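The values are calculated or read from the model by the stated rules, or taken from the named source; none is laboratory data. Model, not experiment: these values are computed from the prediction. Methodologically, a virtual Cβ is constructed for each residue, glycine included, from the backbone with ideal geometry; neighbour enumeration extends over all protein chains shown. In case anyone asks, the SASA skips ligands and DNA or RNA and just uses the protein heavy atoms, side chains included. Shrake-Rupley method; radii C 1.70, N 1.55, O 1.52, S 1.80 Å.
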Amino acid sequence: ALRKGSDLEKAFATAALVYNNHADPEGKLSKAETKSLLQSQFCHFIQGQENKPKYQEIISSLDEESENKINFEDFMILLVSLTLMSDLLQEIKNVKTTK
């Protein structure tokens, strides 16, 4: 549907598709499923972040025993949060400034 979409539109459509493919029938992910999905599908952004307090806070919140599930909005907030703290983001910024 987004073949003619912009790169940004395609990126968000892909994030939504990945989320929906893993979500339960109610459209939500358990915290454990969310953590697993982030570790498998977002590994380059979270690589090397293990010692950062904000990363530890995010991951520990997913380790908490709770029946609360993650909805798409919360999932996207996690993606943005992890992206903002990522070393990969700095590498991307460096590439842009050297062009």
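Structural remarks
- Accessible surface of the chain [probe 1.4 Å, protein heavy atoms]: carbon and sulfur percent: 53
- Put the Cα centre of segment 42-99 next to the Cα centre of segment 11-29 and the gap is 17 Å.
- Loop-resident sites, segment 42-99, for GluC sites (Glu not before Pro), counting at most 13 other Cβ within 10 Å (DSSP): E50, E64, E65, E67
- Where trypsin sites (Lys or Arg not before Pro) fall in DSSP loop in segment 1-32, at most 10 other Cβ within 10 Å: R3, K4
- Helix-only CD estimate at 222 nm, as mean residue ellipticity for the chain, using -39500 (n - 2.57) per DSSP H run (n ≥ 4): -21000 deg cm²/dmol
- Interchain or long-range residues, amide H under 5 Å from I70's placed H: L29, S30, K31
- Mean separation of Cα contacts under 8 Å (6+ apart) over length of the chain, as relative contact order %: 32
- Note on E33 and E73: the model spin-label points, each 7 Å out from Cα along the C-beta direction, lie 1.9 nm apart.
- Largest-first principal axis extents, alpha carbons of the chain, Å: 47, 40, 18
- Accessible area expressed per residue, segment 2-98, with surrounding protein chains retained (probe 1.4 Å, Å²): 70
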